[in-house]
Amino acid sequence: MTPVLPGSVAAIVRTFKSRTTKVINRVRRTYGAPVWQRNYYERVIRNDRELNAVRQYIRDNPARWAGDADNPSLPGSGMRTA
């Protein structure tokens, strides 16, 4: 695993994913099951146009889940490991 600086965005995201995965899997009784996609992408939002584009992406994204290759409910799909 790549070293992560304490307090960095990567450290915060890793801690968040770890803690929420444990809670989700405990509730679901699916211990060790993947919950999150492996990577995330940092992006600096530089102006209002970019901010509005990110907001729109967040609003629209749940509707795309039904056809997403990482959606485990689709036949022949599932969480990718890389």
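The values are calculated or read from the model by the stated rules, or taken from the named source; none is laboratory data. Computed from a predicted structure; not experimentally measured. FYI the Cβ positions are ideal-geometry reconstructions off the backbone, even for glycines, and counts take in every protein chain you see.
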task: Hey, could you check region 39-73 for residues that are of a type in the set (Phe, Trp, Tyr) and modelled with pLDDT of 80 or more and say which is nearest to the chain's Cα centre (by Cα)?
output: TRP65
- line: Per the filter on region 38-63, residues surrounded by 12 or more Cβ atoms within 10 Å (Cβ to Cβ) and under 20 Å from SER73 (Cα atoms) are none
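Starting from residues that are β-branched (Val, Ile, Thr) and more than 22 Å from PRO72 (Cβ to Cβ), keep the ones in region 1-37 and report whichever is modelled with the lowest pLDDT.
We begin by selecting, within region 1-37, every residue β-branched (Val, Ile, Thr); these are 2, 4, 9, 12-13, 15, 20-21, 23-24, 27, 30, 35.
If we keep only those that are more than 22 Å from PRO72 (Cβ to Cβ) too, we end up with 2, 4, 9, 12, 15.
Working: THR2: 70, VAL4: 81, VAL9: 85, ILE12: 91, THR15: 93.
Only one residue fits best here, namely THR2.
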